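Structure, as structure tokens:
The values are calculated or read from the model by the stated rules, or taken from the named source; none is laboratory data. All values reported here derive from a predicted model rather than from experimental measurement. Using ideal geometry, Cβ is built from the backbone for each residue, glycine included, and neighbour counts are taken over all protein chains shown. For the accessible areas, the whole protein counts, side chains as well, though only heavy atoms, and no ligand, DNA or RNA atoms are used. Shrake-Rupley method; radii C 1.70, N 1.55, O 1.52, S 1.80 Å.
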Amino acid sequence: MEFKDGGAIGKIKERFSQRDLIIFLIPTIIFLSYLLVFNPGICTYDTFNQLHQIASGQFGNWHPFFHTFISMMLLKVYPSTISIAVFQIFVFSAMWMIICRYFRHDDGKNNATFKLQAIITLIICLIPINALYSITLWKDILFSYFLMFLCFLAKVMIDRKGKVSYRFILILALVMAFVSQLRGNGMYVILIVMVIYSVYLFMKSNRRMAALLPILTITFILLISSLNVAYDVQDNEKDALMAKTCHMLADYYLHLDMEDADRQKVEKILIKDKINESYIKTDSDKIFAITKYNEFEKNKGEYIGLAIKYCLKDPMHFLQYLFESSPMVWDITRDSDWAGHAYYMNRDHDRLQMDFKSYYAPRNYTPTQSYENLSYANWGNPVFNALNSLPLDIENNVVADTLLESPALFMYLSIVILILMHAITRSKEIYLMYLPNLFNIIIVFLSTPIQDNRYLYANLLVFYLLIIILIGLLQHHDLKDSEIRSEL
């Protein structure tokens, strides 16, 4: 059963209705209200790093420069972090409006699908993690929004059975390029997805678009990457591959019977006396702090090869290491050994000032712009305290934290919904739309131990997308049944 006769692009070209405006305004109003309370937005250590790069004009690529560039352009429009938060809010609201519009039948005045969409949108926006992330200045937020939209575009492509237009391929390629450049692992996700979707288009006899998709995607990626050259972006000595390799070698050093020569190699890049006290299964930061960067860079291939050697030598321990270091990916509940959080908030301290000091003080940096030295404008008032405490209460409650924030739970629920959609549509192609998020999950699982929800926040967003699709499918199914009954 095919769900749509037309593509999303054609639908968007039509005149926007009052219903579209309502869907757009629900997240916009709720999220802007949070921004008003948490003025000037929620900034973290990472945010201050990027803000200082922008203010000083000295750029590094530890945070993808494309995200830093977007923030820099927004600060030129309005020199406050509020501008970045407002941009994120509008991006989500616009994407969500387009998604809901595409999966809605606006034939009659009393549209049940619209009412359900409005209710679900309201619920989503009232869940603290969604409202607070919309105003948190992390690269991961925009990345997650665009990853959700990529899954939506894949569904449109499937509905059209690969018969998509030049305009659609242009938008798909641009979104894929954005995903690849907004976070480090995005490039791996997109390279795999690009190949699979191109093969899909080829198999659907759309060979011209099958060739055009990778050409446009790579072109956009190269254009965005050229910004690094234009702004003289410097390589950062800390990279994810180094962090992962050193953390893995520390684990093997402590838990496996390594050859003496291999142990000596590990001791060349890690401070021997501090390995035991620095090793935490779910956090690589302390191990990275005792890593000798220059030594690793000088013999990078040798150390990566050493890690691979013991992965192959004891594959069961390797699997055990992966699962123990990344429980967030597969474990529904947040266990005591998790090193990260859903939120970066604090009950009795101004978190902006804490992260500001933790970034600037060790480096003896002096802020060069007013937006680098931030504090909550409404710190301490009753509304701020209430909204600040609510997410922390949720995070400390196992049931609430699981139901509202667990990336693994939403991954499993998404799989259930996909199977249900497969049963309704009788098409296995439906699973193609989840591939971008699936590959993101796999890459996070294989990468540096990371326990912050933000790295798998897309799990939640894609689940919300699937709910909207399922509602549309069920309504379409009901309409078909009623048409058959009326004909009889």
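In the range 161-188, what count of residues is obtained for those that are touching a Phe, Trp or Tyr at 6+ places or on another chain (Cβ under 8 Å) and part of a loop (DSSP other than H, G, I, E, B)?
Counting residues in the range 161-188 that are touching a Phe, Trp or Tyr at 6+ places or on another chain (Cβ under 8 Å) and part of a loop (DSSP other than H, G, I, E, B) gives 2.
Of all residues in the range 372-396, which are among the hydroxyl-bearing types (Ser, Thr, Tyr) and either in a loop (DSSP other than H, G, I, E, B) or farther than 25 Å from Arg347 by Cβ (or both)?
If the condition is that a residue be among the hydroxyl-bearing types (Ser, Thr, Tyr) and either in a loop (DSSP other than H, G, I, E, B) or farther than 25 Å from Arg347 by Cβ (or both), then Ser375, Tyr376 are the ones that fit.
Against the definition (open to solvent by less than 10 Å² (accessible area, probe 1.4 Å), touching a Ser or Thr at 6+ places or on another chain (Cβ under 7 Å) and outside any loop (DSSP other than H, G, I, E, B)), how does Gln88 come out, yes or no?
yes
Read through the list (1) at pLDDT 90 or above; (2) over 21 Å from Ile441 (Cβ atoms); (3) crowded, with 16+ Cβ neighbours inside 10 Å, then give the number of the only condition that Tyr321 fails.
The single condition Tyr321 does not satisfy is (2).
Looking at (1) modelled with pLDDT of 95 or more; (2) crowded, with 19+ Cβ neighbours inside 10 Å; (3) under 22 Å from the mean Cα position of the chain (by Cα), which is the one condition that is false for Met73?
Failing condition for Met73: (2).
Looking only at the range 414-448, which residues are in contact with a helix residue (DSSP H, G or I) (Cβ under 8 Å, 6 or more places away or on another chain), part of a loop (DSSP other than H, G, I, E, B) and under 19 Å from Met157 (Cβ atoms)?
Ser427
Inspect the range 96-110 for any residue being open to solvent by 20 Å² or more (accessible area, probe 1.4 Å) and aromatic (Phe, Trp, Tyr) and give the result as yes or no.
Within the range 96-110, not a single residue is open to solvent by 20 Å² or more (accessible area, probe 1.4 Å) and aromatic (Phe, Trp, Tyr).
Could you list, in sequence order, the residues of the range 450-471 that are outside any helix (DSSP H, G or I) and polar (S, T, N, Q)?
Passing the criteria: only Gln451.
How many residues does the range 445-477 contain that are without any contact (Cβ under 8 Å) to a residue 60 or more places away in the chain, under 16 Å from the mean Cα position of the chain (by Cα) and open to solvent by 10 Å² or more (accessible area, probe 1.4 Å)?
Residues that pass the stated criteria total 1.
Which condition number does Asp348 fail, the rest of (1) of a type in the set (Asp, Glu); (2) outside any helix (DSSP H, G or I); (3) open to solvent by less than 70 Å² (accessible area, probe 1.4 Å) being met?
(3)
Condition check ((1) touching a strand residue (DSSP E or B) at 6+ places or on another chain (Cβ under 6 Å); (2) hydroxyl-bearing (Ser, Thr, Tyr); (3) open to solvent by less than 10 Å² (accessible area, probe 1.4 Å)) across all residues:
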{"position": "Ile127", "(1), (2), (3)": "no, no, no"}
{"position": "Ser134", "(1), (2), (3)": "no, yes, yes"}
{"position": "Leu142", "(1), (2), (3)": "no, no, yes"}
{"position": "Leu147", "(1), (2), (3)": "no, no, yes"}
{"position": "Leu150", "(1), (2), (3)": "no, no, yes"}
{"position": "Lys163", "(1), (2), (3)": "no, no, no"}
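Filter the range 175-197 for residues that are closer than 15 Å to Asn437 by Cβ and β-branched (Val, Ile, Thr); which is surrounded by the fewest Cβ atoms within 10 Å (Cβ to Cβ)?
Of everything passing the filter in the range 175-197, Ile196 is surrounded by the fewest Cβ atoms within 10 Å (Cβ to Cβ).
Criterion first (under 27 Å from the mean Cα position of the chain (by Cα) and assigned to a helix (DSSP H, G or I)) does Asp337 satisfy it?
For Asp337, the condition - under 27 Å from the mean Cα position of the chain (by Cα) and assigned to a helix (DSSP H, G or I) - is not met.
Residues that are open to solvent by 70 Å² or more (accessible area, probe 1.4 Å), on the phi > 0 side of the Ramachandran plot and at pLDDT below 95: find the helices (runs of 4 or more DSSP H) completely inside the range 212-285 holding 2 or more of those.
No helices (runs of 4 or more DSSP H) qualify here.
Determine which single condition Glu395 fails, assuming it passes every other condition in (1) at pLDDT 95 or above; (2) under 30 Å from Ile120 (Cβ atoms); (3) open to solvent by less than 60 Å² (accessible area, probe 1.4 Å).
(1)
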